[in-house]
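Undergrad: The structure is given below, and queries will be raised subsequently.
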Amino acid sequence: MLLSFVANESITNGASVAVLDSPLGRIQNIDPLFFSEARAVGVAVDTVPSGGLCRVISRGEANLFAGLEPGSTYYAPLAGTTPVVYSGFVNVFETLPASGAYLCSLGIAINSTTLSVNLSTPVFVQKDSLD
């Protein structure tokens, strides 16, 4: 499903984005440290400046990437905008002072360039619960 939103900040193609409560309905790059900013709405198709109209894939195939591991689940990143595998999320999380963050599943890689976007509810994780 392809949706369109107004960007609240600069968004790059392939970035995981979340819908804001304020200003209502705008999107920003996802921030898994805060629940209100971790509710993924999808993956940006366009690169736009703040105030620009950005198309977002909320379900379906996003052929926007390079170097994905086919069959691997990808999550919203804690740093940067490119989706990461679980170990990539954990490696960054371990370097942050925060004790908890939201693990936001974006989907599964079909091949090295395509992510099958199928969002799920963010799951709160704490450092002492990571494996």
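A short reminder: the numbers here are calculations on the coordinates, not readings from a lab. These numbers come from a predicted model, not from an experiment. Counting neighbours? That spans all protein chains shown, and the Cβs are built from the backbone with ideal geometry, glycine included.
Undergrad: Note down the relative contact order for the chain as a percent, whole number, built from C-alpha pairs under 8 angstrom at least six residues apart.
TA: So the answer I get is 26 percent.
Undergrad: Under a Cβ-only charge scheme (Lys and Arg +1, Asp and Glu -1), can you give me the dipole magnitude of the chain about the Cα centre, in debye to the nearest 20?
TA: 280 debye
Undergrad: Please report, to two decimal places, log10 I(q)/I(0) for region 64-124 at q = 0.12, 0.18 Å⁻¹ as given by the Debye formula with identical point scatterers on the Cα atoms and no solvent.
TA: At q = 0.12, 0.18 Å⁻¹ the computed log10 ratios are -0.27, -0.60.
Undergrad: Just for the Cα atoms in region 2-129, what are the lengths along the principal axes, largest first, rounded to whole Å?
TA: Between the extreme Cα coordinates on each principal axis of region 2-129 lie 40, 35, 21 Å.
Undergrad: Picking from Gly51, Val117, Phe65, whose Cα lies most toward the positive end of the charge dipole for the chain (charges on Cβ: Lys, Arg +1; Asp, Glu -1)?
TA: Gly51
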